[in-house]
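The values are calculated or read from the model by the stated rules, or taken from the named source; none is laboratory data. Model, not experiment: these values are computed from the prediction. In this analysis, Cβ positions are derived from the backbone assuming ideal geometry, glycine residues included, and neighbour counts consider all displayed protein chains.
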């Protein structure tokens with residue numbers, strides 16, 4: 001999938017922005033503090049410059065956003081950081097916060113359903129990011145309540161490419177997977193690893209490089225861009241494609257609720273437009289880096305192979321059956337009563353967004369699609385209240 005990396009500075013009209021002073025936030029200051037957990041000098045972190053560039057261009061330089069890569073907050077601090085006003089905006093990796101966001105996480109765990117219908121592993125992200133954003137904003141009131149409880153407002157979300165096994169030794173078949181220690185960045189991959197006979201290990205993405213290099217892990221279930229974003233390329237010895245599958249959706253733009261409440265309606269629309277552009281940009285960056293990651297692996301003569309037929313067959317069967325298990329688990333653990341209905345709606349939206357995105361070939365097209373089909377339909381007078 002060949003992509004256009006350029007995003008026009010004038011992609012969206014941004015009327016105003018919100019920032020904070022100390023722990024308090026207001027709508028009248030000049031600079032937003034956007035804290036993210038990706039390391040500096042990575043393309044993922046660089047994607048967030050789009051937010052600042054568009055904001056500054058569209059406001060004639062009156063407002064901008066300062067991006068803080070892995071400094072103000074790491075991924076594990078994101079929820080409390082935006083809640084308490086340490087940052088105005090952040091990215092929340094929802095699977096890291098299952099207790100705080102159970103309904104929202106239920107939706108992220110349905111991402112694997114794209115593996116049953118979308119063949120291109122690099123395109124699953126743009127499909128599911130659209131489906132997930134529409135599902136959360138218009139079909140999951142429980143999700144919105146979860147953000148409100150954290151003094152936060154969801155603005156938009158992107159997603160990764162398909163997950164593979166990035167390993168420090170060959171792990172490419174059911175036999176080789178038995179007992180292997182697999183870093184699982186969320187509950188879905190933990191269930192998958194257990195179902196395949198492996199041992200899931202809970203570890204944040206920021207700790208995974210050391211886990212692989214020190215032999216604490218045999219593999220990480222990750223998307224290819226993490227080869228660069230977190231340096232896995234320097235410790236990986238084998239990459240198995242096709243399994244476990246699924247992807248990692250994230251709430252790429254979450255704003256402190258006090259800041260949102262203090263914004264005018266025009267400012268709120270601008271924030272949602274910016275979030276649509278960011279969601280498109282980060283999703284495309286992951287697609288580009290997925291392609292680059294495989295190319296670099298081959299350049300270094302590091303083996304890349306499709307998972308064995310027996311592993312793919314068992315993995316696909318797990319993907320198909322897991323939503324039933326998932327709904328029962330969330331009902332028992334969190335009292336989530338709508339699991340079956342949420343699953344049916346997500347399947348419908350995945351089909352819709354698979355069709356909507358088939359001809360998308362640029363960041364600009366995708367950003368416009370997210371805005372037109374999703375964010376522009378949010379009632380900013382009541383949303384987040």
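A few notes on this one:
- Contact annotation: residue pairs with Cβ atoms under 7 Å, 6 or more positions apart or on different chains, pairing a residue in segment 344-365 that is more than 19 Å from residue 247 (Cβ to Cβ) with a partner that is surrounded by fewer than 13 Cβ atoms within 10 Å (Cβ to Cβ) and modelled with pLDDT under 95, are 361/4; 362/4.
Table: residues versus (1) in contact with a strand residue (DSSP E or B) (Cβ under 7 Å, 6 or more places away or on another chain); (2) within 20 Å of residue 75 (Cβ to Cβ); (3) buried (at least 24 other Cβ atoms within 10 Å of the Cβ).
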site	(1), (2), (3)
218	yes, no, yes
240	yes, no, yes
258	yes, no, no
282	yes, yes, yes
296	no, no, no
303	yes, no, no
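- Selection of segment 297-327 for residues being touching a helix residue (DSSP H, G or I) at 6+ places or on another chain (Cβ under 6 Å) and more than 29 Å from residue 337 (Cβ to Cβ) yields 304, 310, 311.
- Any hit, segment 343-357, residues being surrounded by 13 or more Cβ atoms within 10 Å (Cβ to Cβ), within 21 Å of residue 47 (Cα to Cα) and at pLDDT 95 or above: yes
- Qualifying residue in segment 101-123 (condition: surrounded by fewer than 24 Cβ atoms within 10 Å (Cβ to Cβ), under 16 Å from residue 254 (Cα atoms) and outside the structural domain of residue 229 (by TED's automatic domain parsing)): no
- All positions within segment 158-170 that are in contact with a helix residue (DSSP H, G or I) (Cβ under 6 Å, 6 or more places away or on another chain) and surrounded by 24 or more Cβ atoms within 10 Å (Cβ to Cβ): 158, 159, 160, 161, 162, 166
- Number of the exception - residue 130 against (1) under 26 Å from residue 337 (Cα atoms); (2) surrounded by fewer than 22 Cβ atoms within 10 Å (Cβ to Cβ); (3) in the same structural domain as residue 281 (by TED's automatic domain parsing): (2)
- Selection status of residue 185, farther than 18 Å from residue 305 by Cβ, within 15 Å of the chain's Cα centre (by Cα) and in the same structural domain as residue 229 (by TED's automatic domain parsing): yes
- Residue within segment 58-71 that is in a helix (DSSP H, G or I) and modelled with pLDDT under 95 present: yes
- Residue count for segment 187-201 satisfying the condition of being touching a residue at least 12 places away in the same chain (Cβ under 8 Å) and either buried (at least 23 other Cβ atoms within 10 Å of the Cβ) or in contact with a strand residue (DSSP E or B) (Cβ under 7 Å, 6 or more places away or on another chain) (or both): 9.
- The one condition in (1) assigned by TED's automatic domain parsing to the domain that holds residue 91; (2) touching a helix residue (DSSP H, G or I) at 6+ places or on another chain (Cβ under 8 Å); (3) surrounded by fewer than 24 Cβ atoms within 10 Å (Cβ to Cβ); (4) within 21 Å of residue 323 (Cα to Cα) that residue 141 fails to fulfil: (2)
- Enumerated helices (runs of 4 or more DSSP H) restricted to segment 231-342, each holding at least 3 residues that are under 24 Å from the mean Cα position of the chain (by Cα) and over 30 Å from residue 33 (Cα atoms): 265-299, 309-334
- Within the option set 213, 160, 173, 204, being touching a strand residue (DSSP E or B) at 6+ places or on another chain (Cβ under 6 Å) and on the phi < 0 side of the Ramachandran plot holds for one residue only, 160.
- Residue within segment 137-158 that is modelled with pLDDT under 95, farther than 28 Å from residue 87 by Cα and outside any helix (DSSP H, G or I) present: no
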